[in-house]
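**Student:** If you scroll down you'll find the structure; I have some questions about it.
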C-alpha cells in the first residue's frame with residue numbers, strides 16, 4: 001500500500017529510543033522530514049545518527065512552553081507541520097496501592113500533558129495543512145491489566161478519552177486525531193526484553209495464558225499502523241483508539 005508520505009513534516013516526541021525511535025526511522029524511510037524529540041540531548045544525538053537527514057530538538061514537552069518551542073523550531077526549519085506523533089511517556093510508577101499526589105502529578109505530566117501540550121501548540125499549524133495526530137497509548141487505558149501501575153493506567157485512560165473527545169473540535173478544523181493502544185511489544189531495552197533474559201519459560205507461559213496469538217508484538221506492528229493512520233487511506237478515520245495487542249484484552 002502506497003502511503004504517499006514523502007516530504008511530509010512529522011514530529012515524533014519521545015523518539016530517542018524504543019517505539020518512538022522505530023516510528024521515526026520508519027517515517028524517514030517513507031520519505032518524511034522527521035523531527036525527533038526527547039529530554040536527553042545525548043540520547044537524542046545518538047538516535048539522530050540512525051535516521052538520515054532528521055532534525056533533533058531537545059525539549060520537555062510536559063511543559064507547555066517547551067512544547068511550543070518544539071513546534072516553533074520545527075516551523076522555523078521547515079515552514080509547516082503535517083503530522084505529530086505524541087509518543088512521549090513512561091510506564092514506570094509505584095506499585096498498585098502506593099499512589100501519592102506527587103506521583104499522580106508526575107505520571108500525568110509524562111503520559112497526558114505531553115500529548116495535550118503538543119496538540120494545543122500545534123493545532124493552528126496542523127489546520128493549515130489538514131494534518132493529523134497519532135497518540136501512542138496503551139491497553140492499560142482500556143482494560144484492567146494485573147500489576148500495571150494504577151497511575152499509568154489512569155493516565156492512558158485519560159489520553160484515550162481525550163482523543164475521542166478532542167476529535168470533534170479538531171475535525172471542524174480538518175485535523176484528524178487517533179490513538180494506538182499497544183499490548184506487549186518487544187524491542188531492545190524493553191520490559192519484555194528484560195523478562196525474556198530473566199526467565200523465558202515464564203514469558204512463554206504468560207503469552208499462552210493471556211494472548212490469543214501467543215506471541216509478543218514488534219515495533220514494526222506499531223509503525224505499520226501509524227503509517228496507515230497518517231496516510232490519506234485513513235482520511236475518514238478520527239477519534240478512534242486502535243488496539244494492537246495480539247488479542248490480549250477481553251473487552
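FYI, it's all coordinate maths here, none of it is from the lab. Given the structure is predicted, the values throughout are model-derived calculations rather than measurements.
**Student:** How tilted is helix 150-171 with respect to the longest principal axis of the chain? Cα atoms for both, answer in degrees (0 to 90, nearest 10).
**Tutor:** 30
**Student:** Run the numbers for residue 208 and residue 232: contour at 0.36 nm per residue of separation, minus the present Cα-Cα distance, in nm. Kindly include the intermediate steps, with their values, before the conclusion.
**Tutor:** Numbers: separation 24, 0.36 × 24 = 8.64 nm, distance 3.69 nm.
Contour length minus Cα-Cα distance gives 5.0 nm.
**Student:** Do you know the relative contact order of region 205-251, to the nearest whole percent, from alpha carbon pairs under 8 angstrom that are 6+ apart? Walk me through the intermediate numbers first.
**Tutor:** Details: 24 pairs, mean separation 24.9, N = 47.
Over region 205-251, the number comes to 53 percent.
**Student:** Can I ask one more? Give me the tail of P(r) for region 98-161 as a percent: Cα-Cα pairs with distance above 15 Å. Walk me through the intermediate numbers first.
**Tutor:** Values: 1107 of 2016 pairs.
The calculated P(r) of region 98-161 puts 55 percent of pairs beyond 15 Å.
**Student:** In addition: By its C-alpha gyration tensor, with a ≥ b ≥ c as the square roots of the eigenvalues, how is region 1-65 shaped: rounded for a/c under 1.5, else prolate for a/b larger than b/c, else oblate?
**Tutor:** Cα axes put region 1-65 in the prolate bin.
**Student:** Can you tell me the 0 to 90 degree angle between the C-alpha axis of helix 64-78 and the longest principal axis of the chain, rounded to 10?
**Tutor:** Helix 64-78 sits at roughly 50 degrees to that axis.
**Student:** Beyond 30 Å, what share of the Cα-Cα pairs of the chain is found? Please give it as a whole percent.
**Tutor:** 23
**Student:** Also, quick follow-up: Based on DSSP H runs of at least 4 residues, each adding -39500 (n - 2.57), what is the mean residue ellipticity at 222 nm of the chain after dividing by all its residues, to the nearest 500 deg cm²/dmol? Intermediate values should be presented prior to the final figure.
**Tutor:** Numbers: 9 runs with 112 residues, N = 251.
Rounded to the nearest 500, the figure is -14000 deg cm²/dmol.
**Student:** So, one more: Roughly how many whole Å is it from the C-alpha centroid of region 151-170 to that of region 184-225?
**Tutor:** 25
**Student:** Rounding to the nearest 10 and keeping the result within 0 to 90°, find how far the Cα-based axis of helix 114-129 lies from the longest principal axis of the chain.
**Tutor:** That helix lies at roughly 40 degrees to the long axis.
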